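The values are calculated or read from the model by the stated rules, or taken from the named source; none is laboratory data. Computed from a predicted model, the values in this text were never measured in an experiment. Here the Cβ is made from the backbone with ideal geometry for all residues, glycine too, and neighbour counts use every protein chain on show.
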């Protein structure tokens, strides 16, 4: 009887803990501010959350393997600068978008190759590529944004399909697709296996290096996709865009239940984590609090989420 009760408790926390926090935040903010639950404000939260949510999907795969990708924001910025430079030179929009996505995907491949072939820790590799790519973006633009982009690009950031904002639709469809990939494909199973015990996975005949490269490629591709959405929203490409997205994408995954020690995580939990951050940021704005407090709140939440995860692992031991 005691064993069953413990199992139910853990399952409940794993499945509904992040969702409960999201609901609680929404209830509190709806009491504090009468504007919070308005349709326009909820739509704004969803749109603002979309970019982080898209990036956080790839970050979730990476963290489940026991790695981390600190270069997603710089990847986004550099791929944006590349695409925007082509657009202002008269290159057709669709070619610019494909080129941007191909570049960001290749960027992810370079990260994965460095981690697997050079055996450099993911933290160091992606910290280095973050600095390099951010520097290149600043050199190309001399630190100034590229504007006057094609009007058609705005569809990705401000367009709607049957009343649904395109950015929100992209992150919902992406969450569904990659949740399926994580739970019903070999890549998903191997991702969990690598994060749970890499050496045992390797000895069982699975190509662990290939799996790790694939998750970094996926992270790079999704960073590029998020960059297209961001450019469409802002109408420009900025070399310092995405500076906060490294931390925010990790926070969304961790708050949603992804373990920093690897082997545990799910996409829908990450989406809830991204929404929690979006709700908190929106709440600070409605309450008239400085963005500096938002940074403090996110940092505290991440530390607590990791601490609780570590406590759970200690109990399992």
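Quick notes on this structure:
- Count of the range 231-252 residues which are over 20 Å from residue 268 (Cβ atoms) and without any contact (Cβ under 8 Å) to a residue 60 or more places away in the chain: 1
- Residue that is modelled with the lowest pLDDT [pool: residues in the range 234-264 that are under 13 Å from the mean Cα position of the chain (by Cα), buried (at least 22 other Cβ atoms within 10 Å of the Cβ) and not in a helix (DSSP H, G or I)]: 242
- Count of the range 169-191 residues which are surrounded by 19 or more Cβ atoms within 10 Å (Cβ to Cβ) and either in contact (Cβ under 8 Å) with a residue 24 or more places away in the chain or more than 28 Å from residue 63 (Cα to Cα) (or both): 8
- Qualifying residue in the range 87-99 (condition: in contact (Cβ under 8 Å) with a residue 60 or more places away in the chain and at positive phi): no
- Test: residue in the range 288-299 that is part of a helix (DSSP H, G or I) and either within 12 Å of the chain's Cα centre (by Cα) or closer than 24 Å to residue 100 by Cβ (or both): no
- So residue 153, is it surrounded by 19 or more Cβ atoms within 10 Å (Cβ to Cβ), assigned to a helix (DSSP H, G or I) and at negative phi: yes
- Taking the criterion of being surrounded by 13 or more Cβ atoms within 10 Å (Cβ to Cβ) and either without any contact (Cβ under 8 Å) to a residue 12 or more places away in the chain or touching a strand residue (DSSP E or B) at 6+ places or on another chain (Cβ under 7 Å) (or both), the residues of the range 133-148 that qualify are 135, 145, 146.
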